[in-house]
1. Name the single residue, out of those in region 229-254 being hydrophobic (A, V, I, L, M, F, W, C) and assigned to a helix (DSSP H, G or I), that is farthest from LEU294 (Cα to Cα).
2. Say whether the condition of being modelled with pLDDT of 75 or more and over 17 Å from LEU96 (Cβ atoms) is met by at least one residue in region 110-118.
3. So, in region 108-162, exactly how many residues are in contact with an Asp or Glu (Cβ under 8 Å, 6 or more places away or on another chain) and closer than 19 Å to THR47 by Cβ?
4. When you go through LEU123, LEU134, LEU92, LEU96 one by one, which is the residue that is part of a loop (DSSP other than H, G, I, E, B), surrounded by 15 or more Cβ atoms within 10 Å (Cβ to Cβ) and either at pLDDT 70 or above or assigned by TED's automatic domain parsing to the domain that holds LEU22 (or both)?
5. Which residue out of PHE234, PHE266, PHE283 is under 30 Å from ASP190 (Cβ atoms) and either modelled with pLDDT of 85 or more or under 42 Å from the mean Cα position of the chain (by Cα) (or both)?
6. Checking TYR224 against (1) at pLDDT below 80; (2) under 19 Å from the mean Cα position of the chain (by Cα), which single condition isn't satisfied?
7. Within region 7-63, track down each residue that is assigned to a helix (DSSP H, G or I), among the hydrophobic types (A, V, I, L, M, F, W, C) and at pLDDT 85 or above.
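The values are calculated or read from the model by the stated rules, or taken from the named source; none is laboratory data. This structure is a prediction, so every number in the text was calculated from the model and none was measured. Counting neighbours? That spans all protein chains shown, and the Cβs are built from the backbone with ideal geometry, glycine included.
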Amino acid sequence: MATTSTQALVDDGHIDLEGCRLMQKEEFEVLESIYPEYISSQTQEATLRLEVPIELGSSTSVIISEPRSPQPSANGLLAKKSTVQTVTLAVLPPLLLNITLPPSYPLFDPPQIISIRATHVWLPNATLLLREALLEMWQAGEPVIYNWIEYIRTGEFLAKLNLRTPSHDDLVLRTWHGPLDKCPIAQYEDLALEYINAKEGSTARATLERRFGKANILRLVATYREEKANLEWFKSSTTMCPGCRCYIEKTMGCNHMTCWKCSQHFCYRCGDRLNPDHPYTHFSNALTPCYNQLFDVIDVDPEDWEPIVD
């Protein structure tokens, strides 16, 4: 295939630069249709700025060796101490690539990688190796940027950079300058709502699935719906004890409740504390909404009653 392209674009020993330009234009249009959110800018023709997140596919143990910080020692000298932490992640912060396409790309020259940088500086000492790995993937006459994006997006490059343990179950990051608190994706409510509100099959849903992984998104949506259903059940079927704030469910009986945990007397209907010596005065006060509501009245369809025959 590369030979055919070469023959088509060489005329009397000269490279058909217009043909190369058309191939570049076609490649860019394909990339833009597949990864619209990855192409953050095209400041000028033949120049691309890519922002590619790393999707680990499933939750992966990440071993982080933080930069050493000076610590006072017994002899008064400053000794450097390093700490190691292990966290579980499904995605890593994006890599930022600035790329220039030479006029003779993709026929005779590969793309020129101007810079590679990781947000939060989690890949400070391995960008040279990654640059070499990407350039080795190029074959004369063949577009390569799609393969580059997939190579980074799927995390395949991590093994090449010796950041995977031999079992491939763990990921080792020797330095990390990003936050070590909970990943923003754990705050799933906004993300789940954004996905739910988008139409099925829409570009918005496809963008979220590509960015975070479809399985991760569906899991977040399922968790959100489950917790929402639990919250609705709590609101409709339980009352919080005003003493220990434990949720109490009543299946039958009167609305005078005594908490099993802290022995607090309270009204199941409104949640107010009740005087343990005179709990029923609450239901005898005509000024309260619980007046004469010691027992809840259940509406019963007359047809459900059966006459008792002596």
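1. The first filter runs over region 229-254 and keeps only residues hydrophobic (A, V, I, L, M, F, W, C), leaving 229, 231, 233-234, 240-241, 244, 246, 248, 252, 254.
Then keep just the ones that are assigned to a helix (DSSP H, G or I); that gives 229, 231, 233-234.
Working: ALA229: 29, LEU231: 26, TRP233: 23, PHE234: 21 Å.
Among those residues, the one meeting the criterion is ALA229.
2. Filtering region 110-118 down to residues modelled with pLDDT of 75 or more leaves 110-118.
Adding the requirement that they be over 17 Å from LEU96 (Cβ atoms) leaves 110.
Yes, some residue in region 110-118 is modelled with pLDDT of 75 or more and over 17 Å from LEU96 (Cβ atoms).
3. Number satisfying all stated conditions: 3.
4. Details: LEU134 fails: part of a loop (DSSP other than H, G, I, E, B); LEU92 fails: part of a loop (DSSP other than H, G, I, E, B); LEU96 fails: part of a loop (DSSP other than H, G, I, E, B).
Unique residue meeting the criteria: LEU123.
5. Numbers: PHE266 fails: under 30 Å from ASP190 (Cβ atoms); PHE283 fails: under 30 Å from ASP190 (Cβ atoms).
Exactly one residue qualifies, and that residue is PHE234.
6. Unmet condition: (1).
7. Filtering region 7-63 down to residues assigned to a helix (DSSP H, G or I) leaves 7-9, 17-34.
Next, from what is left, pick out any that are among the hydrophobic types (A, V, I, L, M, F, W, C): 8-9, 17, 20, 22-23, 28, 30-31, 34.
The answer is CYS20, LEU22, MET23, PHE28, VAL30, LEU31, ILE34.
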